Amino acid sequence: MQQGNHHSQQAYYSLQNGYQRQQSAHPPQDCVPNICLCPQVARVPRPRNAFILYRQHHHGVVVAEHPGKTNPEISKIIGEKWRQLSPEGKAVWQKLGDEEKKSHLERFPDYRYQPRRNAKR
């Protein structure tokens, strides 16, 4: 088990279910309900937008089609596919992005984007 693995199967007591998650469907006898033993997230990630969702969805396929290409080259290929996508096709991804934004707002109501400053300036 990795140290930084948030919500790993071994270290997570479910807030909703009140039992330790394991491979078995039955809760352990010595469970402690409503306690999460996971470390608190230090930095909340930004919600993914429509293009990021599109890129993540298509990344594996493009990598398989273009073995040996670097990540920036893969991004350019996916970006070109995105630009060629019809408005109806983009609307599907925009809807998914909006749903993720709404879900993110529910999970992290106090979240505010704070870009990192370059230390050299």
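The values are calculated or read from the model by the stated rules, or taken from the named source; none is laboratory data. From a predicted model like this one, the values you see are computed outputs, not experimental measurements. Heads up, the Cβs are rebuilt from the backbone with ideal geometry, glycines too, and the neighbour counts pull from every protein chain shown.
Residues checked against (1) surrounded by 12 or more Cβ atoms within 10 Å (Cβ to Cβ); (2) out of contact with any His (no Cβ under 7 Å at 6 or more places or on another chain):
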{"site": "Ala42", "(1), (2)": "no, yes"}
{"site": "Arg46", "(1), (2)": "yes, yes"}
{"site": "Arg55", "(1), (2)": "yes, yes"}
{"site": "Ala64", "(1), (2)": "no, yes"}
{"site": "Gly68", "(1), (2)": "no, yes"}
{"site": "Ile74", "(1), (2)": "yes, no"}
{"site": "Leu85", "(1), (2)": "yes, yes"}
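List, please: which pairs have Cβ atoms under 6 Å, are six or more places apart or on different chains, and start with a residue in region 86-114 that is farther than 13 Å from Arg46 by Cα and end with one that is at pLDDT 95 or above and not in a loop (DSSP other than H, G, I, E, B)?
Trp93/Ala50; Trp93/Leu53; Trp93/Tyr54; Gln94/Ala50; Leu96/Leu53
Here is a yes/no grid of residues against (1) among the basic types (Lys, Arg); (2) modelled with pLDDT of 95 or more; (3) in contact with an Asp or Glu (Cβ under 7 Å, 6 or more places away or on another chain):
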site: Leu15; (1), (2), (3): no, no, no
site: Ile35; (1), (2), (3): no, no, no
site: Val41; (1), (2), (3): no, no, no
site: Tyr54; (1), (2), (3): no, yes, no
site: Pro67; (1), (2), (3): no, no, no
site: Ser86; (1), (2), (3): no, yes, no
site: Pro109; (1), (2), (3): no, no, no
site: Arg121; (1), (2), (3): yes, no, no
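Would you please list the contacts, defined by Cβ atoms under 8 Å and residues six or more apart or on different chains, that run from a residue in region 44-70 that is within 22 Å of Ser103 (Cα to Cα) to a residue that is in a loop (DSSP other than H, G, I, E, B)?
Going by the 8 Å Cβ cut-off, the qualifying pairs are Val44/Phe108; Val44/Tyr111; Arg46/Tyr113; Tyr54/Leu85; Gln56/Arg48.
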